[in-house]
Amino acid sequence: MRRIAVVGASAAGLSAAETLRREGYDGTITLVGEEPEPPYDRPPLSKQVLAAEWERDRLALRTSADLAALDLDLRLGVEATGLELVSRTVELGDGSEVPYDGLIIATGVRPRRLPGEGAHVLRTLDDALMLRERLSAGRRLVVVGAGFLGAEAAAVARRLGAEVTVLEPAAVPLAHAVGTEVGRMLAQVHVDRGVGLRCGVTVTEVTEDGVRLSGGEEIEADEVLVAIGSLPNTEWLEGSGLTVGDGLVCDQYCEAAKNVYAAGDVARWYNPLFSTSMRIEHRTNAAEQGMAAARNLLGAEGARKPFAPVPYFWSDQYDMKIQAYGFLRGHDEVAVVEGDLAQRRFVAGYRTGDRVSGALAVGMPPKAIRRWRQAIATGAAWHATVPTGVPAADV
Amino acid sequence: MKVELEADKCVASGQCVVAAMDVFDQDDDGIAILLTEQVGDDQIDDVKEAVAVCPAAAIRLVGA
Ligand SMILES: Cc1cc2nc3c(=O)[nH]c(=O)nc-3n(C[C@H](O)[C@H](O)[C@H](O)COP(=O)(O)OP(=O)(O)OC[C@H]3O[C@@H](n4cnc5c(N)ncnc54)[C@H](O)[C@@H]3O)c2cc1C
Ligand code: SF4
């Protein structure tokens, strides 16, 4: 293999490119990225960047010296527009073509939007800088969507003194992901800080003065942030023959077709640890899957390894750090296994079938959490791990 | 080689400890601590792994 193309120049794509070099590959690596900036990090966008604590220079994923050492054919500010599997070429927006022997697709996701003009989304550095320009004490911000992204932005805006209203269609924010009790507790933290939270309302449209709800009611705002989830960037793969369905579909090796792999937010792969296909929008997964895809691309047929990680996610809101391990979605039961929800210091365990499938921790020391990560990694049986008599929080 | 840690970037994920237990630990808040700055030849691969998986790009390996 002498030519490898990596499409998407962010956490997953960079990790893949670095891993190729670490594994001793010395052929051409063409790294294609739509954004003009060298690879930068997204999690700080809704935290330190929005709070104006960090400037853009702190976001670079690697120093320019470290990047240069990778000896990349770096194509920034140009998007991939098409893929020809048979002739093995990636077509770029500037009309050029990148021939490859191996391909890694890491094009991530983009925010879902609502009808109407003028709302913010939060995905890129430009998005974050634009929103932060507009946030200040007394400004009225409406956040549509009470997921982790919306919650983080709401927390920063409150700290800056903005009047914040969060609108959420579900009855309890994040209930589908973390369970009702934990979701309620996480929401209460915002209410305690003066966020106006309205659940069970559907926003249909962004208007000139704010947003409109499905019943016709209008809510006024100076700024609107739409944080209602994301869509995988797979349009450029249309007609390529690859299977797309909420992400680029891959097997357990992260392979989508012969010598074509995917990694990061865009990839839907089969995770054998949970015996299910998943697509995960977590920062650590982007790096780990980039590594796995690169290694499997270089690996001989029998040397490839299934990608079977315990997903890990964190979120920072006010002075609260949330950490989650495993695959919480679709769980059958949640139980507080250490600490206390009311104290906001706890570990909640998640049961799926008869095993420990996930854990979510707030304010707990690392050693307390490590045990739970281990239980998930080994597929430990729920009844052998969770002490009997622990009250089930909810289903 | 020398390992550098920008502790104020650290997000307390603990990935570095999983990758290189002899080099990294975490304090009570989860923030990474260096157990050693000088990395021996036998540890370099593990530390490179830590650099690669750290979600905050807080770790660097420098020097010849
Ligand atoms: C504001 C914010 C806060 C977050 N906070 C956290 C957090 O606290 N914890 C956590 O675990 N995760 C967090 N995440 C998620 C985490 O940042 C993502 O999981 C991670 O960035 C995914 O990396 P990626 O490389 O797969 O995709 P992306 O970062 O989306 O990168 C994909 C890149 O590909 C480019 N691209 C797209 N289409 C094309 C094309 N056709 N041609 C060329 N290039 C293309 C895009 O421009 C982009 O630069 C956050 C995300 C955001 C946006
Ligand atoms: S991997 Fe990075 S972010 Fe996580 S604890 Fe270590 S230094 Fe901190």
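The values are calculated or read from the model by the stated rules, or taken from the named source; none is laboratory data. For clarity, every value in this text was computed on a predicted model and none was experimentally measured. Using ideal geometry, Cβ is built from the backbone for each residue, glycine included, and neighbour counts are taken over all protein chains shown. Just the protein is used for accessible areas: all its heavy atoms, side chains included, with ligands, DNA and RNA removed. Shrake-Rupley method; radii C 1.70, N 1.55, O 1.52, S 1.80 Å.
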Residue span A:Ser96 to A:Val244: 0.36 nm per residue of separation minus Cα-Cα distance leaves a gain in nm of 50.8 nm
Rounded to the nearest 0.05, what FRET efficiency do A:Ala308 and A:Asp209 have when you use their Cβ-Cβ distance and R0 = 56 Å?
0.65
Can you show me the helix-derived [θ] at 222 nm for chain A, built from DSSP H runs with n ≥ 4 at -39,500 (n - 2.57) apiece and divided by the number of residues, rounded to the nearest 500.
-6500 deg cm²/dmol
Taking chain B as the reference, fit the longest principal axis to its C-alpha atoms, fit the long axis of helix B:44-53 to the helix C-alpha atoms, and give the angle between the two in degrees, 0 to 90, nearest 10.
40 degrees
For region A:198-264 and region B:11-25, compute the distance between their C-alpha centroids and round to whole Å.
33 Å
Net dipole in debye of the protein assembly as shown [+1 Lys, Arg Cβ; -1 Asp, Glu Cβ; about Cα centre; nearest 20]
880 debye
Which value, in Å² and to the nearest 10, is the accessible area of B:Lys2 when all protein chains are kept and the probe is 1.4 Å?
70 Å²
Once you mark the GluC sites (Glu not before Pro) that are in a DSSP loop and have at most 16 other Cβ atoms within 10 Å, what is the longest gap between them in chain A?
A:239-395
Kirkwood hydrodynamic radius of region A:33-153 from all distinct Cα pairs, in Å?
17.1 Å
Filtering trypsin sites (Lys or Arg not before Pro) in region A:230-300 by DSSP loop and by at most 13 other Cβ atoms within 10 Å leaves A:Lys258
Just the accessible area for A:Cys250, please: 1.4 Å probe, Å², rounded to the nearest 10?
10 Å²
Considering only protein heavy atoms, what is the solvent-accessible area of B:Asp41 at a probe of 1.4 Å, reported in Å² to the nearest 10?
140 Å²
Accessible area per residue, Å², chain A with all protein chains present, probe 1.4 Å
41 Å²
Among A:Phe327, A:Val347, A:Ile369, the residue whose Cα sits farthest towards the positive end of the charge dipole of region A:315-381 (+1 at Cβ of Lys and Arg, -1 at Cβ of Asp and Glu, taken about the Cα centre) is A:Ile369
For the protein assembly as shown, what is the convex hull volume of the alpha-carbon atoms per residue, in Å³?
148 Å³
Quick check: residue separation of A:Ala137 and A:Thr378 times 0.36 nm, minus the Cα distance between them. What number comes out in nm?
81.9 nm
To the nearest 20 debye, region A:112-203 has a Cα-centred charge dipole, built from +1 on Lys and Arg Cβ and -1 on Asp and Glu Cβ, of 120 debye
Could you sort out which of A:Lys258/B:Lys9; A:Lys258/B:Lys48; A:Lys47/A:Lys258; A:Lys305/A:Lys367; A:Lys321/B:Lys48; A:Lys47/B:Lys48 sit more than 31 Å apart by Cα distance in this structure?
A:Lys258/B:Lys9; A:Lys47/A:Lys258
At the level of C-alpha centres, the distance separating region A:309-344 and region A:35-89, in angstrom, is 30 Å
Go through A:Leu141, A:Leu298, A:Leu67 and list them by solvent-accessible area, largest first, probe radius 1.4 Å.
A:Leu298, A:Leu67, A:Leu141
Over all residues in A:286-294, what is the mean tally of Cβ atoms on other chains that come within 10 Å of each residue's Cβ?
2
Size descriptor, Kirkwood hydrodynamic radius, that averages inverse alpha-carbon separations across region A:147-200, Å:
11.0 Å
Candidates per GluC sites (Glu not before Pro) in region B:3-64, loop by DSSP, up to 11 other Cβ within 10 Å
B:Glu37
Expected integer from the mean partner chain Cβ neighbour count at 10 Å over B:1-13 is 3
At A:Arg2 and A:Glu23, where each label point lies 7 Å from the Cα along Cα→Cβ, what is the point-to-point distance in nanometres?
2.0 nm
Non-local residues with an amide H under 5 Å from the amide H of A:Ser357, with H modelled 1.01 Å from N and Pro and chain starts lacking one, are A:Tyr350, A:Arg351, A:Thr352
Amide H proximity to A:Gly196 below 5 Å, modelled H, separation 5+ or other chain, gives A:Val164, A:Thr165, A:Val166
Scan around A:Val6 for amide H atoms under 5 Å from its own, H built in the peptide plane at 1.01 Å from N, and keep only partners 5 or more places away or cross-chain.
A:Thr30, A:Leu31, A:Val32, A:Ile104
For A:Met130 and A:Glu217, calculate 0.36 nm times their separation in residues minus their Cα-Cα distance, and state this gained length in nm to one decimal.
28.6 nm
Members of region B:44-58 that become less accessible by 40 Å² or more once partner protein chains are added (1.4 angstrom probe, chain alone as reference):
B:Glu49, B:Ala52, B:Val53, B:Pro55, B:Ala57
